[in-house]
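Everything below concerns the one structure shown next.
The values are calculated or read from the model by the stated rules, or taken from the named source; none is laboratory data. Nothing here was measured: the structure is a model prediction, and the numbers come from that model. Neighbour counts run over all protein chains shown; Cβ positions are idealised from the backbone, glycine included. The area values use the complete protein model at the heavy-atom level, side chains included, leaving out ligands, DNA and RNA. Shrake-Rupley method; radii C 1.70, N 1.55, O 1.52, S 1.80 Å.
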Amino acid sequence: MTQRQFAIVTGASSGIGYALAECCAEDGFDLLIAADDPGIVNAAARLREHGGTVDAVQADLATAAGIDRLQAAIQGRAVDALLANAGHGLGHAFLDQDFVQVRHVIDTNITGTLDLIHRVGRMMQVRRAGRILITGSIAGLQPGSFQAVYNGSKAFIDSFALALRNELKDSGVTVSCLMPGPTETEFFERADMLDTRLAQKKKDDPAHVARVGFDAMMKGEGDVVSGWKNKLQAAMDAITPAALLAERHRRVARPGSARH
Ligand SMILES: NC(=O)c1ccc[n+]([C@@H]2O[C@H](COP(=O)([O-])OP(=O)(O)OC[C@H]3O[C@@H](n4cnc5c(N)ncnc54)[C@H](OP(=O)(O)O)[C@@H]3O)[C@@H](O)[C@H]2O)c1
């Protein structure tokens, strides 16, 4: 009997992460999933309906202690796929934001993500096998006025993913970066951005976005932008002056912009 593959998915209690975990479960992976609130236990119960083993860890992945807890739950198993997806945004002007929350965005989206990839990536490197999918964003291509720290964190992640992919190109470990555009999840509510034009516009289906990312990971592709509108947007962003991008972001992300 062939052994079932094993995947870790972070931020799997809702949105894109839950849908990524579903892709893994449908494809026959056993799962270790993580998120910060107790919703992760319900997510695990739903994912078990696909037939595999699903372990859930409730941990704040912005902290080293949270990453320790997730690592302990691996229990020595070989990790075939790591889907580092946990992340959150934070709306409003930078100087109006609470710095504790600013730090939490950076610690979740960058530090915790890298800490986990560093630990699991080393294990994959020893085995000369493994797949890593990192959820970046097309937000990383734009200076994000009124969501400046989040967009900056995703610029870091988009860049980091492609650099790590290059470093590991002959190692048997692949790195793929999923770059979604605005997607229908809890993201905008959590970032306190519901009164922005960005939050009000029609958004992509998380199941579709996750499928694009999962397929890219399985094929070992590099960066993948989900959806043709986002691909077009990404291509235009690459040739638009940064100051213009910042001004355009201001119009859609400024608090209250949905009403004007
Ligand atoms: N929605 C979009 O428009 C969009 C676009 C591009 C990229 N993305 C990226 O997609 C990823 C998933 O976001 P989503 O849109 O699916 O939003 P979501 O529905 O809010 O899901 C975010 C997930 O990440 C988890 N999470 C956040 N901070 C965490 C922490 N410190 N420790 C542990 N878990 C944490 C959340 O769990 P808890 O609720 O338990 O904290 C939840 O499971 C993020 O990296 C986001 O930046 C989203």
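Worth pointing out:
- Residue in region 105-117 that is within 11 Å of I8 (Cβ to Cβ) and either away from the ligand (no atom under 12 Å from the Cβ) or in contact with a Ser or Thr (Cβ under 6 Å, 6 or more places away or on another chain) (or both) present: yes
- Top-ranked residue of region 117-143 - restricted to ones that are polar (S, T, N, Q) and closer than 15 Å to L164 by Cβ, ranked as most open to solvent (accessible area, probe 1.4 Å): Q125
- Every test in (1) within 30 Å of S145 (Cα to Cα); (2) open to solvent by 20 Å² or more (accessible area, probe 1.4 Å); (3) more than 15 Å from the chain's Cα centre (by Cα) is passed by G91 save one, and that test is (2).
- Scanning region 29-56 for residues that are within 18 Å of N109 (Cα to Cα) and crowded, with 23+ Cβ neighbours inside 10 Å yields I33, A34, A35.
- Considering region 16-30, the residues that are near the ligand (Cβ under 8 Å from one of its atoms) and touching a strand residue (DSSP E or B) at 6+ places or on another chain (Cβ under 7 Å) include one that is farthest from G52 (Cα to Cα), namely I16.
- Looking only at residues of region 94-116 that are open to solvent by less than 10 Å² (accessible area, probe 1.4 Å) and among the aliphatic types (A, V, I, L, M), we find that the one that is farthest from K154 (Cα to Cα) is L116.
- L164 vs. criteria within 12 Å of the ligand (Cβ to nearest atom) and modelled with pLDDT of 95 or more: no
- Elements of type helices (runs of 4 or more DSSP H) contained in region 131-244, each with 1 or more residues being free of Cβ contacts under 8 Å to residues at least 60 places away in the same chain and farther than 29 Å from Q5 by Cβ: 148-167, 187-190, 197-200, 228-239
- Positions within region 245-260 being open to solvent by 50 Å² or more (accessible area, probe 1.4 Å) and assigned to a helix (DSSP H, G or I), in sequence order: E247, R248, R250, R251, R259
- Search result, residues across region 1-28 that are assigned to a loop (DSSP other than H, G, I, E, B) and surrounded by fewer than 24 Cβ atoms within 10 Å (Cβ to Cβ): M1, T2, Q3, R4, Q5, S14, D27, G28
- Of the residues making up region 61-76, those that are touching a strand residue (DSSP E or B) at 6+ places or on another chain (Cβ under 9 Å) and either among the hydrophobic types (A, V, I, L, M, F, W, C) or open to solvent by less than 20 Å² (accessible area, probe 1.4 Å) (or both) are L61, G66, L70, A72, A73, I74.
- Search result, residues across region 51-67 that are more than 8 Å from the ligand (Cβ to nearest atom), among the acidic types (D, E) and under 19 Å from the mean Cα position of the chain (by Cα): none
- Here is the figure for region 29-39: residues that are acidic (D, E) and part of a strand (DSSP E or B) total 1.
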